Amino acid sequence: MPSMFSSHTVVTGGNYHLVNNDSKGAWDRLVDAASPAAFHNSSDRRDPPKCHHNTRVVVLKKVMDWIHGLEPATQHAVIVWLYGPAGAGKSAIAQSIAELCCEEGNLIASYFFSRFDSTRNHPRSLIATIAYQASLCIPNIRERIKAAIDHDPLIFDRSLTVQMSALVIQPLQDYISPNTPAPARVIIIDGLDECEDRQSQVEILATISKALQHHLPFIFLIASRPEHDIRTAFSSGYLKDVTTSVPLDNEHRPSDDIRLFLQDSFTEIKKIHPFRADIPDTWPDDNILESLVKKSSSRGRIHVMASPSHEKSYPLAGQFIYASTVIKFIKSSRHRPPQRLEIVLGLHPAQRDMPFAELDALYMHIFSSVEDPEAVLQISAYKFLTSPVMHWYEGLDLDLLSLAPGNVVQLFCDLTSLVSITVRGQRAVLDIFHASLEDFLLDQSRSQQFWINSKIRHAKFAHRYIHCLKGESANAESTLAAQVKSIIDRPSSHVDDQAPYILIRHFENATANPDLSEDLRQVCIWSILFKTHKVRFFPDILASIEKVGFENWVDLHSHQLHLFDQSAQETIDKMYSWPYLTAFIAVFDLAIEKWSDGGRVVFRLRKNHRNLDKRSFACYMNVLLQYRHFMGKFLTNPTRCGIYGLTGKRYATAAEYFLGYICDHMDHIMQSSYALHQWYYRRRRTAFSPRRRSTTPIRFPAKKIKQRTLMKWEQHRPYLLPRSCSVAFRLALRFLSCVLCQADRSDGLACQRKFWLFTLGIQGMRGGKFLDIWRG
């Protein structure tokens, strides 16, 4: 039977005392509360990131000059905030600074937060870790720290401010005076944004601020992403007065540093890799290297509050984490580097190892903090899928997305290290800092629950644009007043001009969904394209209906084609009442050059003529040939055009119009031709004359001009005519030769008496052949 007393129990007489020999001393408590994994030289941080040789030179010098007091602009600053977007290399710079300061003997403490390590992803071990390292650098304060812990064994459960005061500020007061000249003593805190609780991040900054106000004889280097709460803390109160900011922007030429890092890394791989014998000397080529540098680049500008009413912006630095992740993946000793590089470039699928695992973990961590990820992904998808097709990018259409300007800023509040939002009225400009973010979000295997399904998003945006162009709100839940406001406050004409292009882009890449199917049953796509003068893209929409994957695509295609036919019949019925528009329809689908140059002259398509019929096809002189052929199929299919097709009588009307145009311009054409030849002849004769004479063409009687022109005309040599007249005249001749073959007999054609004159102007056609067509 075991004794009721353990070996640690002492009995004296009738009384006994329990003595706990396992109780820890103050120093042991401090050691237990500290996090050694947060040290800059901790063994837990295997191969910590640090600046590659000859990179980040400007940034390192700037920070070290501040530490040494050599920078006049920052001599009075006791905090340097080093900030930049995710993956910009902040931790590498902080690590390099810590090592330099450690060599110089002025590093008091360092604390590197990490979201992956449970011992340093919270603030509870921060002050204990700083106090432990400070006691090693300044041994005289160790006893005071131990006394503070003995006095309050639960000190590590108290607030950060109380811990800082008891374990750092008070022990230092008797040994270091702020008025005593001494070398700078630096405390480095890296990755503040990786502290798990946003409120704790602000509490850490508030604790440092209060400590500095009590004349703490230290200076702080704090590195973090410019998250909303951290930016707000640095832009107000005492911290604003004692902090200088060092943004990682393009001023420090990060692309050059990234290029140097990649070049040196590839050179090292070719020298020491186990499979170096299989690596070509020219690997990788310059184009691949530049593509990696481009992928590592950041775009846009980062905005930081300089004060509550003033915001500064800086061009962004490159993304070192992308380059370093690529190199770590490629230099694996168990794989061939060229093959691994092809996986990175997407030329071969990854098997087990994911090339961007580290980068993906960073993105996943940041997106996990977003309160409304669906709304953020919708806006991001709009940016990724819409902006490439826009001729000019003016931002996100907030009305289209049913978002208020203030809501957009709030949605991206937790993503300031990845994107920047600038609101301009009803539009919001979204700058994506990292070129690799789009690849991450569009790849399901990498982004998982944050994956942007491009086909589904294309379908949703196509649905919204259809209703936008129709003049309605795509949001059925919005009130009537909101819908009216949305229509009144439509974006500028530049954006309206792009809306049809954007609709087609989304529709062509969409997948079938109920909303889009219902749109094709209820909305006439040709009508909404007509309102924006983009009907030439209607054949593309029809061709895409099958590719999208609708189960009833045949019915939807036929329905849209039927709606077009009805509208086209109505339009053409009005156009046939005008001879020049009848002629225009007769040759509309001909693949003839110089359409745009001479067409408006031949058909007299002035603005007032085009406005005679608001639905006239005449305003589409420069339309794509594909649309002209589409119209030609309609006009030659009796089932579709009905009584509005091109008949022999209508071809005759067109021939009369072209013939009239040619006859009206014959005298002018021939006189211009003869006079022009005479002018060139006179210039040649007087070119070497000592006394130049006037080179103005001589005008001759019209009858004499015609005779000389016909006598000297060369059959295979076209006339050299003035451009504005020549192009239209030749175009009319070609049109006439095309429509005559299909025209019925007409009294109007028979009454023309000068037809033999213009037969000479038809290139490649002899007068006799033309007469055969005429008589036939």
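The values are calculated or read from the model by the stated rules, or taken from the named source; none is laboratory data. None of the values given here were measured: they were computed from a predicted structure. Backbone-built Cβ (ideal geometry, glycine too); neighbour counts: all protein chains shown. For the accessible areas, the whole protein counts, side chains as well, though only heavy atoms, and no ligand, DNA or RNA atoms are used. Shrake-Rupley method; radii C 1.70, N 1.55, O 1.52, S 1.80 Å.
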| task | State the Cα centre-to-centre distance between the range 502-545 and the range 53-69 in whole Å. | result | 57 Å
| query | To the nearest 10 square angstrom, how much accessible area does residue 292 have with a 1.4 angstrom probe? | reply | 0 Å²
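Accessible area per residue for the range 26-247 in Å², computed with a 1.4 Å probe and the full protein assembly in place, what is it?
On the way: 9510 Å² over 222 residues.
Computed with neighbouring chains in place, this is 43 Å² per residue.
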| request: Calculate one ³J(HN,Hα) per residue across the range 633-643 by plugging θ = phi - 60° into the Karplus curve 6.51 cos²θ - 1.76 cosθ + 1.60, and present them in order as whole Hz with x for glycine and proline. | output: 5, 5, 6, 9, 10, x, 5, 8, 8, x, 7
| request: Towards the positive end of the charge dipole of the range 26-247, with charges on Cβ (+1 Lys, Arg; -1 Asp, Glu), say which of 189, 130, 74 has the farthest Cα. | output: 74
| remark: Rounded to the nearest 10 Å², the 1.4 Å probe accessible area of residue 578 is 100 Å²
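If you count, for each residue, the other Cβ atoms within 10 Å and average over each peptide, how do 41-54, 407-420 line up from highest to lowest?
Details: 41-54: 14.1, 407-420: 19.9.
Going by the mean number of other Cβ atoms within 10 Å, highest first, we get 407-420, 41-54.
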| query | Any idea of residue 196's accessible area? Nearest 10 Å², probe 1.4 Å. | reply | 120 Å²
| task | List, in order, the whole-Hz ³J(HN,Hα) value for each residue of the range 413-427 obtained from phi through the Karplus relation with A = 6.51, B = -1.76, C = 1.60 and θ = phi - 60°; use x for Gly and Pro. | result | 4, 8, 10, 5, 7, 10, 9, 10, 10, 10, 8, 10, x, 9, 10
| remark: Which of 90/295; 294/460; 534/633; 50/240 exceed 27 Å between C-alpha atoms? The answer is 294/460; 50/240
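Would you please classify the overall shape of the range 26-247 from the alpha carbon gyration tensor, given that a ≥ b ≥ c denote the square roots of the eigenvalues, rounded means a/c under 1.5, and beyond that prolate means a/b larger than b/c while oblate covers the rest? Walk me through the numbers on the way to the answer.
Working: a/c = 1.40, a/b = 1.26, b/c = 1.11.
It is rounded, given that a/c, with a ≥ b ≥ c, falls under 1.5.
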| message | If packing is taken as the average number of other Cβ atoms within 10 Å across a peptide's residues, how do 376-382, 445-451 rank, most packed first? | response | 376-382, 445-451
| said: Which one, 237, 272, 258, is farthest towards the positive end of the dipole of the range 230-299 when Lys and Arg carry +1 and Asp and Glu -1 on their Cβ? | reply: 237
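What order do you get for 516-524, 735-743 when each peptide is scored by the mean count of other beta carbon atoms within 10 Å, highest first? The partial results should precede the final answer.
On the way: 516-524: 17.0, 735-743: 19.8.
In descending order of packing, they fall as 735-743, 516-524.
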| remark: The rounded separation in angstrom of the Cα centers of the range 74-123 and the range 212-243 is 14 Å
